[in-house]
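Since the structure comes first, as structure tokens, the remarks are kept for the end.
Coordinate-derived values only; no laboratory data. Here the structure is a predicted model, which means the values were calculated and not measured. Cβ placement follows ideal geometry from the backbone for every residue including glycine, while neighbour counts extend to all protein chains displayed.
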Amino acid sequence: MTTVSEELRNVAPEKLAVEGVSKTFRTQRGHVHALDNVSLNVREGEFVCLVGPSGCGKSTLLSIIAGLESTDSGQVLADGKPVTGPGRERMVMFQESALFPWLDVLGNVLFGLKLKPNLTGKERREVALFYLKLVGLENFIHANIHELSGGMKQRVALARALAPNPRVLLMDEPFAALDALTREQLYGDIQRIWAERKKTIIFVTHNVREAVCLGDRVVLFSPHPGRIQEKFEIKLPRPRDINSVDLAKYSTEITRALKRHLKPETTEVAE
Amino acid sequence: MTPQQIAERATTEPRWIRWTLIALALAFLALFVGLPLAAVFVSALSKGWAVYFAAITEPVAWAAIKLTLLTAAIAVPLNLVFGVAAAWAIAKFEFRGKQVLITLIDLPFSVSPVVSGLIYVLIFGLQGWLGPWLQDHDITIIFAVPGIVLATVFVTFPFVARELIPLMIAQGTEEEEAALTLGASGWQTFWRVTVPNIKWGLLYGVILCNARAMGEFGAVSVVSGHIRGLTNTMTLHVEILYNEYQTAAAFAVASLLTLLALVTLAAKSAVEWRVRQQLKAARHSHDEDLLT
Ligand SMILES: Nc1ncnc2c1ncn2[C@@H]1O[C@H](COP(=O)(O)OP(=O)(O)OP(=O)(O)O)[C@@H](O)[C@H]1O
Ligand SMILES: [Mg+2]
């Protein structure tokens, strides 16, 4: 017997469904209640931004969606099926770039492509070069990872995550270490890739403006324990300019909401 | 002031003190390391090259060399697998008894090799715990090759694990996780991420492990039984020759072990440098993570 809601889900499955996920870390120094009953549905092709102060469990949620971390209760469904482990259809771009230092820039981008069957070596190289060009590193393809700046590392990580063409991208503060100019350029690029390639993106950031610029929805987290407080629909036409006035209105509203949900000492979110 | 000038300022001792100290250190080194090293080769060749080669190629010596190589060929790969597995478990997982495991890994370092050998005699020897059972099944371990291999494995098992544990802890799990989300299986992640990440540390551990496996004397001496041509390793063979006053022959075989030591030292310094770079890189990238 199927209930009505199950029937509906079968008709139009969510791309990602986070259902009542809780997570507590147990360490020698005590327990950290990182996530408390978090539920979030993400439609196919949606761009969702997670905003919240440091330590509210955003990275943890991303790891759980990626299948790298287990839940204490609740579950994550991807295309209606429970997530049990990591996989290439849900690509993560980590907060720390987590590049492979024994490979050069090109080797890093090729890593995921080499794990994909039915591609010739030449095709792999072309794809890798395409994405390296996209992130503006075409002149550094043989550079050592140690020789790159923090921002350049993030761009390699972005290219590496995009290259295998995942349906879902989980991005953890990918642009935090970049200068404003590169960042603005990448806002444009990421929106273009997202629209052209119909990707579903969950994007974590501390920057409310960034969230409003990129997201169809902005989800607000509060810490201790990590909970979803509010969700905002951003109804602005695309492509969006981060410096536009309409965008600023949204970001003021969201920043105000954020401050409302926070204890004063934990406000460290940039507008 | 440049850093160099500061460094020069910091060492304010007069020049003659510095030179005296250096000269003293060098003289000491020459007396206690250089001289014996030279003595080995001089004594080995004291009766000419013909005697030297005869001593090395004589069947009993040759058997000892082969046994030493065989022992190392078994002990080193075994400890390589054990070392990687132990370091992996310690660096990447939290579990009960982790501290005990780390302490146990150091046991062969802290116990005298003679005791290590005796432990095996106690377990596998005729009078030992498993002795009667082994005899019933026609298995000889003590005073035979298996005993020598076992004792060597025991004595050398900390080398690889000790080398890898700090390296793997410093490196963390981010890179492995990245590989998993890029679609790698557990096996692919191990070969394409973990192994390249630790390869210099691994090589370093293997070099040290090999040197010890070939050079081990105490533990092997206890379990070997000194049967010429059968259970004599190179170190034991040297001792026998020496006890029989065949000095030139003893030093000829010893010179092979000395050469091994020199090669090990050279390889060690080369690899050591790479390991330090790698550790620095791992720590460095971690510090960066903490800062951002
Ligand atoms: N592996 C772990 N072991 C123990 N505690 C952890 C672990 N991972 C995260 N935590 C704790 O869980 C909480 C949430 O961490 P998380 O990294 O998800 O925060 P975040 O929202 O991503 O923060 P930031 O914005 O600073 O990246 C923190 O208090 C953190 O200390
Ligand atoms: Mg985080």
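Some values worked out for this structure:
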{"item": "Ranked list, fewest to most other Cβ atoms within 10 Å of each Cβ, for B:TYR204, B:TYR245, B:TYR52", "result": "B:TYR245, B:TYR52, B:TYR204"}
{"item": "Farthest toward positive dipole pole in the protein assembly as shown [+1 Lys/Arg, -1 Asp/Glu at C-beta], among B:ILE207, B:THR152, A:PRO86", "result": "A:PRO86"}
{"item": "Vicinal HN-Hα couplings computed from phi for segment A:132-143 (Karplus, 6.51 cos²θ - 1.76 cosθ + 1.60; Hz; Gly/Pro x)", "result": "5, 5, 4, 8, x, 10, 5, 8, 10, 5, 9, 6"}
{"item": "GNM flexibility winner over chain B from B:ARG96, B:ARG15, B:ARG274 (Cα, springs under 10 Å)", "result": "B:ARG15"}
{"item": "Residue among B:ALA219, B:ALA55, B:ALA30 with the largest mean-square fluctuation in a Gaussian network model of chain B, springs linking Cα atoms under 10 Å", "result": "B:ALA30"}
{"item": "Candidate aspartates and glutamates for bridging to B:LYS268, where Cα separation is under 20 Å - those fewer than 8 sequence places away on the same chain excluded", "result": "B:GLU163, B:GLU216"}
{"item": "Which listed pairs, of A:LYS58/B:LYS199; A:LYS153/A:LYS199; A:LYS15/A:LYS259; A:LYS133/A:LYS231; A:LYS198/B:LYS92, have C-alpha distances above 28 Å, in listed order", "result": "A:LYS58/B:LYS199; A:LYS15/A:LYS259; A:LYS133/A:LYS231; A:LYS198/B:LYS92"}
{"item": "Most fluctuating residue given options A:LYS198, A:LYS231, A:LYS116, as computed from a GNM of chain A linking Cα atoms under 10 Å", "result": "A:LYS116"}
{"item": "For A:LEU50, residues with placed amide H under 5 Å, excluding near neighbours", "result": "A:PHE203, A:VAL204, A:THR205, A:VAL219"}
{"item": "For the protein assembly as shown: rounded, prolate or oblate by the Cα gyration tensor [a/c cutoff 1.5]", "result": "prolate"}
{"item": "Cα gyration tensor shape of chain B, rounded if a/c is under 1.5, else prolate or oblate by comparing a/b with b/c", "result": "oblate"}
{"item": "Relative exposure of B:THR156, B:THR231, judged by other C-beta atoms within 10 Å (fewest first)", "result": "B:THR231, B:THR156"}
{"item": "Residue order, fewest to most beta carbons within 10 Å, for B:ILE227, B:ILE119", "result": "B:ILE227, B:ILE119"}
